[in-house]
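In what follows, a single structure is set out as structure tokens and then discussed.
The values are calculated or read from the model by the stated rules, or taken from the named source; none is laboratory data. Computed from a predicted model, the values in this text were never measured in an experiment. Quick reminder, even Gly has a Cβ in these numbers, built from the backbone with ideal geometry, and neighbours come from all protein chains shown. Accessible surface is based on the protein model in full, side chains and every heavy atom, while ligands, DNA and RNA are left aside. Shrake-Rupley method; radii C 1.70, N 1.55, O 1.52, S 1.80 Å.
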Amino acid sequence: RGEFVYAIFSLFAVAMLAAPSFLAGGSHANMPVEIELTILWGAVSDITLGRVLGLYQATPWYDKVMHLSNAVLVGLMAFLIVYALRFTGRLTMSSRVAAGVIFLFALGLGAAWEIAEFAADAVFGEGAQGNAFMDPHNDTMWDLILDGTGGALGAIIGPFYMRHSQRPARRLAAIAAWVPSSKPQ
């Protein structure tokens, strides 16, 4: 159907899921299954439900739910990156600074997504910005507000999840085995 933007999005999602195992040389270092399922749900919700079934055009809130949930996912993934870097000694910062970095990462990725939507509209005539319920300017601003909100939620949920679950600690230990440590031996 010529949906190049979504083909790139799908390839990026698969690459992101496969990267830890590929870099570690085995399946012992992978993302938490909860995050894998969330990425899968995000892709299915956006492409299948949103585009194919037309929920973006049929409901005024669907795009906003997608932006918020994707921003929470990005915030959680940013937390995993920061946590892995702290775990391996390659990054030293307080939890508050780490939360700020996670928030800014999610907001920055949301802004990059908005730029990609703008480019897709300009180059491919996608109509990704705005909808029947909201003009493009208001749509973009609300998307960025929700990206920030989702990033803040990810910065709160990520540490809580890691503190109360042993599986992520085992996975991060496996990842730490292939990430060189900057701690003196």
Which of the residues belonging to segment 109-132 are in a loop (DSSP other than H, G, I, E, B) and surrounded by fewer than 16 Cβ atoms within 10 Å (Cβ to Cβ)?
-> Gly125, Gly127, Ala132
Give me the pairs, please: first residue somewhere in segment 125-138 and on the phi < 0 side of the Ramachandran plot and in contact (Cβ under 8 Å) with a residue 40 or more places away in the chain, second residue anywhere and open to solvent by 60 Å² or more (accessible area, probe 1.4 Å) and assigned to a loop (DSSP other than H, G, I, E, B), beta-carbon distance under 7 Å, and either six or more positions apart or on two chains.
-> Phe133/Pro60
Unique match (being closer than 23 Å to Val14 by Cβ and without any contact (Cβ under 8 Å) to a residue 24 or more places away in the chain) among Gly50, Gly75 | Gly50
Residues Ala84, Ala98, Ala106: which one is part of a helix (DSSP H, G or I), buried (at least 16 other Cβ atoms within 10 Å of the Cβ) and either touching a Lys or Arg at 6+ places or on another chain (Cβ under 8 Å) or of a type in the set (Asp, Glu) (or both)?
-> Ala98
